[in-house]
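The values are calculated or read from the model by the stated rules, or taken from the named source; none is laboratory data. Treat the numbers as computed from the prediction; the structure is a model and nothing was measured. With ideal geometry, Cβ positions are generated from the backbone for all residues, glycine too; neighbour counts draw on all protein chains shown. The area values use the complete protein model at the heavy-atom level, side chains included, leaving out ligands, DNA and RNA. Shrake-Rupley method; radii C 1.70, N 1.55, O 1.52, S 1.80 Å.
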Amino acid sequence: MSNIRSKVFNHLKSLTLVGLVGFSAQINAAQVSIHDPVMAKEGDSYYLFSTGPGITIYSSTDKVHWQNSGRVFETEPTWARDVAPSFNGHLWAPDIFEHNGTFYLYYSVSAFGKNTSAIGVAVSKSLDPKSKDYNWQDKGIIVESVPYRDDWNAIDPNIIIDEKGTPWMSFGSFWGGMKLVKLNDDLISMAEPQEWHTLAKLDRPAFEDDAEPGPAQIEAPFIFKKGDFYYLTVSYGLCCRGDDSTYRMAIGRSTSVTGPYLDKEGKDMAKGGGSVLLNGTKAWPGLGHNSMYEFDGKDYLVFHAYESADNGLQKLKMIELDWDKNGWPTFDPKALDNYESVLISK
């Protein structure tokens, strides 16, 4: 009997160890390391686009387990180095937008700390690489910024169509702040005569060199329509510095897509306003460059955050939003720590 008991004990011990190893592997599973995430849904799949060589794509059926699905461009756009001679091959801060059965992928070409920048767009009938309609076609530049000519930076695009059916593109980083420009119905060119608006900005010293970004640390506009309001979110502070990142999110709202966007105190974001949406924490010192979506009847805030425990590595974050009695977004304070993506291999 003792021999049988010993075999049973060893078998149970083996099963327990296997279970613990599997549990440990799950805990230590790789997360999606990503900058500037945006999302879209087609069929039963979610698609995630981010900064990277050719624009990195991930896909998921549950918004937690993500699989690398390649990239939009096999090579860089042919015009990239004409716009930004020091372009390093990484396309920045995309936005993905579906309209009338076509997906529009907006992206930025730039060089760090310079406004030698342009926003381009590519189109495809499908996001599914297995579909016969999957075929990204680059449509070229929509808007370009040139040092000493423009006091804004043509990066970080976001598209919205207003209640009248008019498409608009917001964009901007540092310099003169966040801009909004009207697009043609084709969504790949600016409307004429041109119509521009300033959505949000911070103070910039009067005698700052026009070719320098300056200390006005604001970028990454995103406009989300909910009920009677357009909500504008921006990122204040500095990204891309790991543990030293000071990125944080601010918000305002307007009944018109062109603004003015007022914060909770009634201050115009174009005059330095902006209520705190989400600040960094000790565990996640910097977080931002967000997007906002409604998926399956629920609203989500999607962004990246730098994890202090992992040497400041950027990680994908997704938080489900609620709305308070005054119509401002709220969320569970623990949600930042609770969401953890899982990167799965093919």
In terms of modelled amide H atoms, which long-range or inter-chain residues lie less than 5 Å from the amide H of Leu183?
Trp168, Met169, Ala191
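Out of all DSSP beta bridges in the chain, what portion is antiparallel? Express it as a percent rounded to 5. Each step should come with its number before you reach the end.
Values: 86 of 89 bridges.
DSSP beta bridges in the chain are roughly 95 percent antiparallel.
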Can you give me the relative contact order of segment 214-338 as a percent, contacts being Cα pairs under 8 Å and 6 or more apart?
18 percent
Dipole size in debye (nearest 20) for segment 284-346 around its Cα centre, Lys and Arg Cβ +1, Asp and Glu Cβ -1?
180 debye
Might you report the magnitude of the Cβ-based charge dipole of the chain about its Cα centre, with Lys and Arg at +1 and Asp and Glu at -1, to the nearest 20 debye?
1280 debye
In the structure displayed, which of Lys125/Lys164; Lys226/Lys267; Lys114/Lys264; Lys132/Lys317; Lys139/Lys226; Lys271/Lys315 lie more than 26 Å apart, Cα to Cα?
Lys114/Lys264; Lys132/Lys317; Lys139/Lys226; Lys271/Lys315
Value in Å of the Kirkwood radius, where segment 121-165 supplies the Cα pairs that are averaged:
13.6 Å
If every Lys and Arg gets +1 and every Asp and Glu gets -1 at its Cβ, then about the Cα centre segment 111-217 yields a dipole, in debye to the nearest 20, of 360 debye
Options (1) -0.81; (2) -0.91; (3) -0.71 are given for log10 I(q)/I(0) by the Debye sum over Cα atoms at q = 0.11 Å⁻¹, and the computed one is (3)
Which of the three applies to segment 94-247, rounded, prolate or oblate, going by the alpha-carbon gyration tensor with a ≥ b ≥ c and a/c under 1.5 meaning rounded?
prolate
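Share of segment 232-319's accessible area from carbon and sulfur, percent, 1.4 Å? Show your work: numbers first, answer last.
On the way: 1510 of 3320 Å².
Roughly 46 percent, rounded to a whole number.
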Run the numbers for Asp322 and Lys264: contour at 0.36 nm per residue of separation, minus the present Cα-Cα distance, in nm.
19.2 nm
Going residue by residue through segment 306-322, the Karplus relation 6.51 cos²θ - 1.76 cosθ + 1.60 with θ = phi - 60° gives ³J(HN,Hα) values, rounded to whole Hz and with x marking Gly or Pro, of 9, 8, 4, 5, 10, 6, x, 5, 6, 10, 5, 10, 9, 10, 7, 9, 10
Here segment 295-305 yields Karplus 3J(HN,Hα) values (6.51, -1.76, 1.60; θ = phi - 60°; whole Hz; Gly and Pro given as x) of 10, 6, x, 10, 9, 9, 9, 10, 6, 10, 9
With just the Cα atoms defining each centre, how far is segment 227-305 from segment 307-327? Give it in Å.
11 Å
When the helix-only estimate is applied to the chain (DSSP H runs of n ≥ 4, each -39,500 (n - 2.57), divided by the residue count), what is the mean residue ellipticity at 222 nm, nearest 500 deg cm²/dmol?
-3000 deg cm²/dmol
Helix 2-27 axis, angle to the chain major axis (alpha carbon atoms, nearest 10°):
0 degrees
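Probe of 1.4 angstrom, ligands and nucleic acids ignored: what's the accessible area per residue over the chain, in square angstrom? The partial results should precede the final answer.
Working: 16320 Å² over 346 residues.
On a per-residue basis, 47 Å².
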